[in-house]
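Below is one structure, written out as structure tokens; comments come after it.
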Amino acid sequence: MQSIIRIATFNIHKGVTSFNARFALHEQRELIRKLQADIVFLQEVRDQHIKHSRRFSAWPLDGQVEFLADSVWSAYAYGKNSVYPAGHHGNALLSKYPIIKYENADISAHSSEQRGLLHCEIAIEGWPQPLHCICVHLGLFAGWRRKQIAILRDRIAEMVPEDAPLIIAGDFNDWSMSAGRELVHGLHLHEVFEHHGGKPARSFPSFLPMFRLDRIYVRGFHVRHVEVHAGPSFLKVSDHAALTAVLSRT
């Protein structure tokens, strides 16, 4: 029975650096591979963009999700959230285990900002129940995040059995850390970095992290190890740090 899994979450900023200055998807793929995660939660994956595919010669023909999964993660899912004339972007999940079911739910709180949550059920050999993984990227304003957290809580209560393993990860844009408190109340979730160090990880900006925007919440796991992957080299990769956690089943 597989008892230990390694997960990662990373906002890839649509495969480019700040202000669309530089195409960074190839460096991002190398970084994600080095994290050696079994399951990867990704935000701001731009799977199609007509102008960028013409501007950047190394743009993948089959889209960013398939390019990032490559031969390492045999299963992947993509949730198209923000759609515009040139293309679209959203959340994605890469998995070394079979994804037996997934759904992308619209959680947009305002017409000016399209957001979604990607809910996947993953089969891991020897586990009596599927692992529920929810990848999120919440809104920029506190009122919008409150609405989105309420939708997320309702979904968990309705669709995730209380004894099923659950991981929620992504970019919460939670500058005040209030969204996290609203999420965990009554759901028996805990944030992995808060569990280890008392507070969620500093993850933004990646070259010198100060703000605690990215999170990993779990239920039904022991937290064995957590790590923030950041530093000056990230100026050429993304504006967000990557976070990893090693988990074992309780």
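The values are calculated or read from the model by the stated rules, or taken from the named source; none is laboratory data. What you see is a predicted model; the values in this text were computed from it and never measured. Don't worry about glycine lacking a Cβ; one is built from the backbone with ideal geometry, like all the others, and counts go over all protein chains shown. For accessibility, only protein heavy atoms count, side chains too; no ligands or nucleic acids. Shrake-Rupley method; radii C 1.70, N 1.55, O 1.52, S 1.80 Å.
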Loop chymotrypsin sites (Phe, Trp or Tyr not before Pro), the stretch 84-192, which have at most 15 other Cβ atoms in a 10 Å radius of their Cβ (DSSP): F141, W175
Degrees separating the helix 25-35 axis from the principal Cα axis of the chain, which is the longest one: 30
For the chain, share of DSSP beta bridges that run antiparallel, in % to the nearest 5: 85
Over 21 Å [Cα-Cα, the chain], rounded percent: 54
Cα gyration tensor shape of the stretch 137-236, rounded if a/c is under 1.5, else prolate or oblate by comparing a/b with b/c: oblate
Relative contact order %, the chain, counting alpha carbon pairs below 8 Å whose residues are six or more apart: 20
Folded to 0 to 90 degrees: helix 142-159 orientation relative to the chain principal axis, Cα: 50
Magnitude of the charge dipole, the stretch 81-174, Cβ model with Lys/Arg +1 and Asp/Glu -1, debye to 20: 240
Most mobile listed residue (A37, A169, A142) in the chain, GNM with C-alpha springs under 10 Å: A142
Counting DSSP beta bridges with both ends in the stretch 100-209, the antiparallel % (nearest 5): 70
Reach of K80 by Cα under 21 Å, taken over lysines that are not fewer than 8 positions away in the same chain: K14, K51, K101, K147
Packing-based ranking, highest mean first, of 147-154, 69-76 given that Cβ atoms within 10 Å are counted: 147-154, 69-76
Prolate/oblate/rounded call for the stretch 65-211, Cα gyration tensor, a/c under 1.5 rounded: rounded
Share antiparallel - DSSP beta bridges, the stretch 110-171, percent rounded to 5: 55
Loop GluC sites (Glu not before Pro), the stretch 90-182, which have at most 15 other Cβ atoms in a 10 Å radius of their Cβ (DSSP): E125, E162
About the Cα centre, charge dipole magnitude for the chain (Lys/Arg +1, Asp/Glu -1 at Cβ), debye: 580
Protein accessible area in the chain, 1.4 Å probe - carbon and sulfur %: 52
